[in-house]
1. Within the range 234-313, which trypsin sites (Lys or Arg not before Pro) sit in a loop by DSSP and count at most 13 neighbouring Cβ atoms inside 10 Å?
2. Determine the equivalent ellipsoid of the range 1-117 by diagonalising the alpha-carbon gyration tensor, then write out the semi-axes as square roots of 5 times the eigenvalues, largest first, rounded to whole Å.
3. If the only charges are +1 at each Lys and Arg Cβ and -1 at each Asp and Glu Cβ, what is the size of the charge dipole of the chain around the Cα centre, to the nearest 20 debye?
4. Which of the GluC sites (Glu not before Pro) found in the range 324-388 are in a DSSP loop and have at most 16 neighbouring Cβ atoms, other than their own, within 10 Å?
5. Between the DSSP loop rule and a limit of at most 16 other Cβ atoms within 10 Å, which trypsin sites (Lys or Arg not before Pro) in the range 63-102 are left?
6. Ignoring everything except DSSP H segments at least 4 long, calculate the 222 nm mean residue ellipticity for the chain; use -39,500 (n - 2.57) per segment, divide by total residues, nearest 500.
7. Return a whole-number percent for the relative contact order of the range 55-208, with Cα pairs under 8 Å and 6 or more residues apart as the contact set.
8. Return the carbon/sulfur percentage of the accessible area of the chain, one whole number, probe 1.4 Å, all protein chains in place.
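The values are calculated or read from the model by the stated rules, or taken from the named source; none is laboratory data. No experiment lies behind these values; they were computed from the predicted model shown. Every residue, glycine as well, gets a Cβ built from its backbone with ideal geometry; the counts of neighbours run over all protein chains shown. With ligands, DNA and RNA removed, areas are computed over all heavy atoms of the protein, side chains included. Shrake-Rupley method; radii C 1.70, N 1.55, O 1.52, S 1.80 Å.
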Amino acid sequence: MSSEHIDQFSVESVYAELLSRAPENKMEPRMAPLFRAMEILGEPNRAVPIIHITGTNGKTSTARMIEGLLRAHDLRTGRYTSPHLSKVTERISIDGEPVADETFVRIWDEIRPYLQIVDAELDAAGEPRLTYFECVTILAFAIFADEPVDVAVIEVGLGGITDATNVGDGVVSVVTPISLDHTELLGDTPGEIAVEKAGIIKPGGFLVSAAQPADAAQVLLDKAREAGVEFRFEGVEFGVEDRKIAVGGQQITVAGIAGRYEDLLLPLHGEHQAQNAAVAIAAVEAFIGGGTRELDADVVRDGLRVVTSPGRLELVRTAPSILVDAAHNAAGARASAKAISEAFEFSRLVLVIGVLQDKDAEAILAELHEELGGVLEDVCLTQSNSPRAIPAEDLRQAALAAGFADDRIHVAERLDDALEWAVITAEESGDLGGGVLVTGSITVVGEARTLLGK
């Protein structure tokens, strides 16, 4: 067996071990076990400066843009994001690439005995042992300390105050747009959700926030003042000045917090991605020059023009065009639909959608149906292999309530069958303007990318 096969098997073995713990959606609202693990491991959470990112939508895309800008400045980066599309190592990236299989396995083997100490202490106290997400987060900090990297870009898993990643203190705290998601855990209004997310703002840091609903903005502002940190908000101190469609994406001009950056090529679609880029630039200005030194415009151009965001309005096939997009809540679906209308000229668009149980399927479907109008009439309801997937047939009522006609709704439990039906349906019109949009849960998008050879 080749070493490549051994590595792959080993990564899968570690992944199976991680999955045997409490699943990703069962995050424990606690921090003490994380600090205990860091103490035993020699505080890898303090080994490198951190740019910490929370928010409801756009976290991963913004993290990837920040990473690109930092790398263009010749900084060695670690990036921690979640969830992954196809392989667990995607969550922990070194210099823009998933961590090497060998490193992932080696560091896990090194820290496992220490995590077993924490597990034993939790068992003795009658508490659940470390969860899947807590373990991967600890692993990420350990890998970044071992590499080592110059800066870690770390995305919150859920919320902020008691998220496992909050064991690290961000020198820059970034908040992407806040909207309603995970309301059963975080709150029923943007303001309530912002209270949880404001937990990543730490004394000695710097807050960079996207434009927010008024109640959420006030919460972030109050927290920043309480912590005595500088703050900059999109739409007040920085933002997108100009934006035009370009081949493969868009050309933007951004007024940052320290400089103005003209004619930047961003190879991603949609106004929301332009806003993410403005937030990313402001975050890097805050990190590199404390928000007072203008970045080199050519370096900013170099950093943005190579950015990718897999699974976010990603064109994975042509003839017919197949887009995959991990829009898992109403706000994300609305932003994606607007971007599709702007960047693509579909005469007919067929929707393939699968949703997880903790999401508002009807709201997602309603946003897509409303924003994409007469172009989007046919929908195939499906499901991923996730045990949390809503059964495909159970989505029918949500599709009807969202405005889809009963005779335009198709159900296919298997994703490969759903994709085949959607491609045939998109091609039925006979013109070249037919396309397919695969969306809903990131698990559906990840499986679709695999099936389509990405």
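1. Values: sites: 243, 244, 260, 293, 301, 305, 312; in loops: 293, 312.
Of the trypsin sites (Lys or Arg not before Pro), the ones in loops of the range 234-313 whose Cβ has at most 13 other Cβ atoms within 10 Å are 293.
2. Values: eigenvalues 106, 84, 51 Å².
One finds semi-axes of 23, 21, 16 Å for the range 1-117.
3. Values: 38 positive and 73 negative charges, 128 e Å.
Result for the chain is approximately 620 debye, rounded to the nearest 20.
4. Details: sites: 342, 345, 362, 367, 370, 371, 377; in loops: 345.
The qualifying sites are 345.
5. Values: sites: 64, 71, 76, 79, 87, 91; in loops: 76, 87.
When the trypsin sites (Lys or Arg not before Pro) of the range 63-102 are filtered for loop state and at most 16 Cβ neighbours within 10 Å, 76, 87 remain.
6. On the way: 15 runs with 190 residues, N = 454.
Calculated from helices alone, the mean residue ellipticity at 222 nm is -13000 deg cm²/dmol.
7. Working: 207 pairs, mean separation 40.9, N = 154.
27 percent.
8. Values: 8870 of 18030 Å².
Roughly 49 percent of what the probe reaches on the chain is carbon or sulfur.
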